[in-house]
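The structure appears below as structure tokens.
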Amino acid sequence: MSKQYDYDLLTIGAGSGGVRASRMAAQKGARVAVCEEDRVGGTCVLRGCVPKKLLVYASEFSGHFQDASGFGWHVGQTAIDWPRLIATKNKELDRLNGIYNNILSSNGVETLQGRGTIIDAHTVEVAGKRYTAEKILIAVGGWPTMPAIPGIEHAITSNEALDLPELPRRITIVGGGYIAVEFAGIFAGMGVEVTEIIRADRILRGFDDDLRSELEREMTKRGIKILSSTTVECINKKANHFELVLGDGESLETDVVMYATGRKPKIDGLGLENLGVAISDKGAIKVDDNYRTSVESIYAIGDATDRVCLTPVALAEGMALVNHLFGGESAGVDYENIPSAVFSQPPLGTVGLTEAQARERYGKVDVYTSGFRAMKHTLSGRDERTFMKLIVDPKTDRVVGAHMMGPDAAEIMQGLGIAMKCGATKAQFDATIGIHPSAAEEFVTMRDKRPEEE
Ligand code: NDP
């Protein structure tokens, strides 16, 4: 490690990936600084996974209150105190922010407050001061994008939705991805009238088609109105509400308009164009297998590279990079079989290939599905289905896709992710004894292949 520079590694962005890489590099003896324009923590801690999940928990209580009477409980009148919820959620984020700051300082990582601009291959300017580093790591994450339609300035994104001063009576959410369906569930659970507008025929493009249809059905049962194959032409501000003019000429009134139409790397103003750092057509930083950009001393990980935009992937990339730079290993994160969840209501969990992807890769596949009413709802009376699906490559008997919609789907899918990482076969799933009574046991008792459609 060279003394010619102020630092061995200067990381731009103190989110999940940047903090993990900086801390690990310091633990390996490197002199490290990380710069951050906002608070330490990044999207996941401050504007994403964590606050979102806390609001999901909060909104689920309305369902629990309804379910309780089937189990003999008398539940009195209930009401959500939204400002109190937001205040307690923010207090928890402050606590996590403190932990992240502590992780950096206790490991000897210097924090530089301000947005970093790369001046040359070894120099970063932060708040008017220049710092040199042997290696620069870009871990700036992403930011919501919205289409440039007239009136878009009236729309909020997930950033603002997490801190609304009060709950609206009605909200319209545009988009059909992770964020849109998660917030649709949050607001519906809070008693808000939710309309979701999607330009495609179904929500969650890229997920298994059965899962998409099953979730859409359950969301509709919960009162969420999904307008598919619909576009928004413009947003007009009226005295007490907003008017959305739709592609078919119809219009819609709402109190809050939220756009969840994707995110893109937050690389503007980083100075990349002057240095010739290669950028993809989609505005992401191009990297090789070792996370090196087209400039030798500059690396990038996480959402800034727009590969798999998930916190645990950014963490894995950060660790792999540090092991490569300061431990002599080749980087390499395995991007196959990454389990993920959508914290919709009910939630989804998924790992491996969708049925369509599996058919494309393997030709013929065996499909096992199971749909049932969870035991809890025999007494609660709630009309909600749980759905599970396994996709098997018949040539090797390996399970190549597992999908679930239902309570605890995320918790269940983590374990199945390990099995699939180990290459588990359907015979090994079948030989596993179930845990009874649980929903998860269904994954080891699916015996009948779904008949092939003619
Ligand atoms: P996604 O890319 O998942 O979804 C974007 C949605 O917006 C799609 O339905 C897309 O439609 C639609 N859309 C895009 N452009 C337009 C437009 N101009 N007009 C109308 N609709 C449009 O983005 P999200 O913002 O939901 O999430 C971003 C990323 O964050 C995710 O991909 C995921 O990686 C991550 N994330 C992960 C979570 C988790 O793990 N639980 C939770 C939240 C986010 P179409 O399908 O037609 O393209």
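With only the Cα atoms considered, the chain has a convex hull volume of 178 Å³ per residue.
Run the numbers for Glu253 and Thr425: contour at 0.36 nm per residue of separation, minus the present Cα-Cα distance, in nm.
Extending this stretch completely gives an extra 56.8 nm.
Element breakdown for the chain at a 1.4 angstrom probe: carbon and sulfur atoms account for 50% of the accessible area.
Which chymotrypsin sites (Phe, Trp or Tyr not before Pro) in segment 50-119 sit in a loop by DSSP (not H, G, I, E or B) and have at most 11 other Cβ atoms within 10 Å of their own Cβ?
Sparse-neighbourhood loop chymotrypsin sites (Phe, Trp or Tyr not before Pro): Trp73.
Overall shape of segment 1-127 was characterised from the C-alpha gyration tensor. The equivalent ellipsoid obtained from it has semi-axes of 44, 14, 10 Å, in decreasing order. Of all DSSP beta bridges confined to the chain, the antiparallel ones make up roughly 60%. Axis angle, to the nearest 10 degrees, between helix 82-106 and the longest C-alpha principal axis of the chain: 40 degrees.
Angle of helix 311-327 to the longest C-alpha principal axis of the chain, folded into 0 to 90 degrees and rounded to 10: 30°. Applying the criteria of a DSSP loop state and at most 11 other Cβ atoms within 10 Å to the chymotrypsin sites (Phe, Trp or Tyr not before Pro) of segment 323-354 yields Tyr335. At the residue level, Lys91 shows approximately 150 square angstrom of accessible surface with a 1.4 angstrom probe and all protein chains present.
Dipole magnitude for the chain: about 740 debye, using +1 per Lys or Arg Cβ and -1 per Asp or Glu Cβ, origin at the Cα centre. Multiplying the residue separation of Gln113 and Ser294 by 0.36 nm and removing their Cα-Cα distance gives an extension gain of 62.5 nm.
Only four residue types carry charge here, +1 at the Cβ of Lys and Arg and -1 at the Cβ of Asp and Glu. Report the dipole size of segment 17-87 about the Cα centre in Debye, rounded to the nearest 20.
Here segment 17-87 has a charge dipole of around 500 debye.
Annotation: peptides 176-182, 351-357, 429-435, ranked by per-residue average of other Cβ atoms within 10 Å with the highest first, follow the order 176-182, 351-357, 429-435.
Of all beta bridges that DSSP places with both ends in segment 150-296, some 45 percent have antiparallel geometry. With the biggest extent put first, the Cα atoms of segment 271-368 measure 51, 33, 32 Å across the principal axes. Around the amide H of Glu196, modelled in the peptide plane, lie the amide H atoms of Ile173, Lys225, Ile226, Leu227, all under 5 Å away and 5 or more residues distant in sequence or on another chain. Across segment 171-178, coupling constants 3J(HN,Hα) worked out from phi with the 6.51/-1.76/1.60 Karplus curve, θ = phi - 60°, read 9, 10, 10, 9, x, x, x, 3 Hz, and Gly and Pro carry x. Probing with 1.4 Å while keeping every protein chain in the model, the per residue accessible area of the chain equals 47 Å².
Each other residue within a Cβ distance under 14 Å of Pro147 adds +1 if Lys or Arg and -1 if Asp or Glu, for a net charge of +1. For Arg115, the solvent-accessible surface with a 1.4 Å probe is about 70 Å², rounded to the nearest 10. Checking the cross-link pairs Lys53/Lys238; Lys221/Lys421; Lys221/Lys286; Lys89/Lys266; Lys376/Lys449 against a 31 Å limit on the alpha carbon distance flags Lys53/Lys238; Lys221/Lys421; Lys221/Lys286 as lying beyond it.
Between 0 and 90 degrees, the angle of helix 209-221 with respect to the longest Cα principal axis of the chain falls at about 70 degrees.
The values are calculated or read from the model by the stated rules, or taken from the named source; none is laboratory data. Owing to the predicted nature of the structure, the values given are computational and were not obtained by experimental measurement. So basically every Cβ, Gly included, is an ideal-geometry build from the backbone, and we count neighbours across all protein chains shown. All accessible areas refer to the heavy atoms of the entire protein, side chains included, with ligands and DNA or RNA removed. Shrake-Rupley method; radii C 1.70, N 1.55, O 1.52, S 1.80 Å.
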